1. If we count every other residue with Cβ under 15 angstrom of PHE656's Cβ, Lys/Arg +1 and Asp/Glu -1, where does the sum land?
2. Please flag any cysteine in the chain that has no other cysteine's Cβ under 4.7 angstrom from its own Cβ.
3. Could you work out the relative contact order of the chain? I mean the mean sequence separation of Cα pairs under 8 Å and 6+ apart, divided by the number of residues, in percent.
4. Quote the accessible area belonging to GLU380 in square angstrom, nearest 10, computed with a 1.4 Å probe and with ligands, DNA and RNA left uncounted.
5. Excluding GLN177 itself, what net charge comes from residues whose Cβ is under 11 Å from its Cβ, given Lys and Arg +1 and Asp and Glu -1?
6. With every protein chain in place, what's the accessible area of LYS372 (1.4 Å probe, Å², nearest 10)?
7. Counting only the heavy atoms of the protein chains, how much of HIS119 is accessible to a 1.4 Å probe, in Å² to the nearest 10?
8. Roughly how many percent of the accessible protein surface of the range 399-457 is carbon and sulfur, given a 1.4 Å probe and a whole-percent answer?
Amino acid sequence: PPDGLSPPWYPTPKGGTTKNWAESYKKASEMVAKMTLPEKVNISTGTGWMMGPAVGNTGPAIHVGFPSLALQDGPLGIRFADNATAFPAGITVGATWNRDLMYQWGNAHAIEARKKGIHAILGPCIGPLGRAPAGGRNWEGFGADPYLQGIAAERSIRGIQDEGVMATIKHLVGNEQEHFRQQYEWGLANALSSNIDDRTMHEIYLWPFGDAVKAGVASVMCSYNMINNSYACGNSKLLNGLLKDEMGFQGFVMSDWLAQRGGVSTTLAGLDMTMPGDGLFWANGKSLWGPELTKSVLNGSVPLERLNDMVTRIVAAWYQMGQDDEKNFDRKGPNFSSWTDDEKGVFAPGSPTKQNEITVNKFVNVMGNHSKLARRIAAEGTVLLKNEGLLPITHDGSTPSSAAKQEDPPLRIAIFGEDAGPGDGPNYCKDRACNQGTLASGWGSGSVEFPYLISPDEALKKAWDSERVKVTTHLTNSPTFEKQPGILKEADICIVFANSDSGEGYVSWDSVKGDRPDIFLQKGGDDLIVKVAKGCHGGDGQVLVVIHTVGPVVMEKWIDLPNVKAVLLANLPGQESGNALTDVILGTVNPSGKLPWTIGRTLDDYGEGAKILYKPNGLVPQQDFKEGLYTDYRYFDKFNIEPRFEFGFGLSYTTFKFDNVVVKEIKAKSPLPASRPQDFASPPEYDTNIPDAKEALFPTEIRKLEKYVYPYLDSIDDIVSDPYPYPDGYDVKQSLSDAGGDEGGNPDLWETYVKVSVDVTNTGSTEGQAVAQLYLSYPDSTEVDFPVKVLRGFDKISLKEGQTKTVTFNLTRRDLSYWDVYSQNWGIYIAGKYKFMIGGSSRDLPVSGTW
Ligand code: BGC
């Protein structure tokens, strides 16, 4: 909104209105009806930081058989766990543009989580979306485009939940930078406010959350920051209005860790679970809910109806995943501890109360054969940016420009850069919060303990026929070759590695305080590349540059140097880094990764809106999203800026041709979707009489752990009926959104209106995978401002030499719509023609059709 304020939206729509969840709500309502007040509170409140084995633990409702839930980070593997896979990061998965791998990535992660006793994975991550290329956590998500994020979210959520594990889509919403995401890390009184207008909110930032809700996601994590000057976890417009009414979300909303900033107010605004349970500070045991929530229900401040809905949503999600079935889900809870690597430990290490030692780590190996999948994703997520006759370098040392002959002397390959080597080991820094050795993940809660990390040098040293190819390694960024020029001079081919790292804002490394201070390579990477390029074989050697990075990096210092013959951008590959890279360099895997964001020539090329606010500009730092819809390629397109490498770009060892676009109308154009359907079912009804306060008294048989968050009260003497003065606007009756009506919103939005097909042919001499990308241009309009084009379809297909396949894109009503702020609904622009442009990147769209 231009005024940067968030309107009120009350009361919270209740869950239990859709067909897909009807069974689970029925079962949940039967269980919730039997719960006592403290049991209900226990389920919605975490037990406190380090008060249980996982990063988030809820209390059980023992007498009705509802367990403690264990919630664990993060998007790319199980955080703080032993014997679990370190998968490639979200951004690498995004760069595969492979829907099937997105599913398998989520599925494998969930298999491991289930075997470790985890009920909910705290991922996938689609917020940050990637507004700022230097944003610290962009790498946890899938790329700087809402459609790409949305498809990857939907695929990975299905992968996770098909395994009976809850997925948590995070962070809702506008957490686009780490600086000032919350107050306590940055010494401020308040967190940053992301000020986002209605249309931009819908078309950019909320868009992928729509896919997540449609996929049936069990949980949504609200973010630390404010949205339009109201904290996300207490923002009624966001949680009650947009998420629960308009998008029809049936699961539960959990807070990010200490993102809850008010007690009663957050309940009314639509928060359902507080994590980790402590209130405003870590591990102090003073919850904003817990006993306070119990009290607020008893004194009438929080309607019991609201608590019942909170709990029903959580219990329904548990049934929805089939976690009630002991055949699927072991009731014993996690078999590992987040807090120690020792076999023995205490149940709640966050409590100062003395406790008996128990077995907390059983060291269950859950990796199965997931290293294969990790390797495949890392290889398919590697983007070939430049290749002038250098790659692949096959087993015998042949390259496309020179076939190795038996009588030739061995080919000499020299490898340079710290990023090629093991450094001090992958787990050297806590939560991976430093840049040393080869970069395979960013840092923060989204990182894991690596069971191992195959470094590029380790894999490449073994890759080639040792008779035909001699490999030397120089795993430092300080140019040792300046003293020993022979190292460079005597190499025929030089492979030089460099990287750029970032992470979550609770830790910094060097000048990288979560967000990167710029988008250059780090640790002297640019200089190293230039020096290697100048000196390799006396200046005429061939150079391959390999980049590991959390986001776009400026390549201008070296990309056009004549002997930089090839560039591979390997993103963040996880534990199989070196093996996957070797697959691509040797050509056993034909590269098919595509950029999940634009690489500009400078940071300025991305526009003002793409810059991190590094200094607070007020008591509540204000971040106005003034660029609106124009982020990443939408900005480059609008202002005619030539990128270095465009969104969606990536080369292959073969070539592809696109032709024969056929556009088929399935349903006729109409400006607005069909009217909102009636709810399929009514939410469960419960007895709404406030229970007897005695129910809430601390049971004498429980031994109290200090600082542990319990739902009970020590005394009920001070409880008087004292309803909280409800927020302004609480009594205003909200009209339900016309864009709503089912899980994911109005079902008509998900109907296919147009089918577009295209023929793709492999025109080269080797088998490879093509990514067909469809971008849509809206009709010309003087009334509505439309981006030049938006991604609305992609598919990856494998083609043998000469082979042709037809790819079909189903465009839904939502795909064709824009958010019309006047009708407050998704609209199709019916005057004029839509254009569908298809090809291999956002700037290589040779064929098109219209509708
Ligand atoms: C992060 C979340 C994470 C949580 C629990 C927070 O700092 O923002 O993404 O799930 O911690 O570790």
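The values are calculated or read from the model by the stated rules, or taken from the named source; none is laboratory data. What you see is a predicted model, and the numbers here were worked out from it, not measured in a lab. Glycine also receives a Cβ, built like all others from the backbone with ideal geometry; neighbour counts cover every protein chain displayed. Just so you know, the surface numbers come from the protein's heavy atoms only, side chains and all, with ligands and any DNA or RNA stripped out. Shrake-Rupley method; radii C 1.70, N 1.55, O 1.52, S 1.80 Å.
1. It works out to a net charge of -1.
2. Cys with no partner Cβ under 4.7 Å: CYS125.
3. Values: 2258 pairs, mean separation 147.8, N = 851.
Relative contact order of the chain: 17 percent.
4. 10
5. Working: positive: ARG131, ARG137, ARG181, LYS513, ARG516, LYS611; negative: GLU176, GLU178, ASP515.
Net local charge, GLN177 excluded: +3.
6. 150
7. Accessible area of HIS119: about 10 Å².
8. Values: 1210 of 2230 Å².
That fraction is 54 percent.
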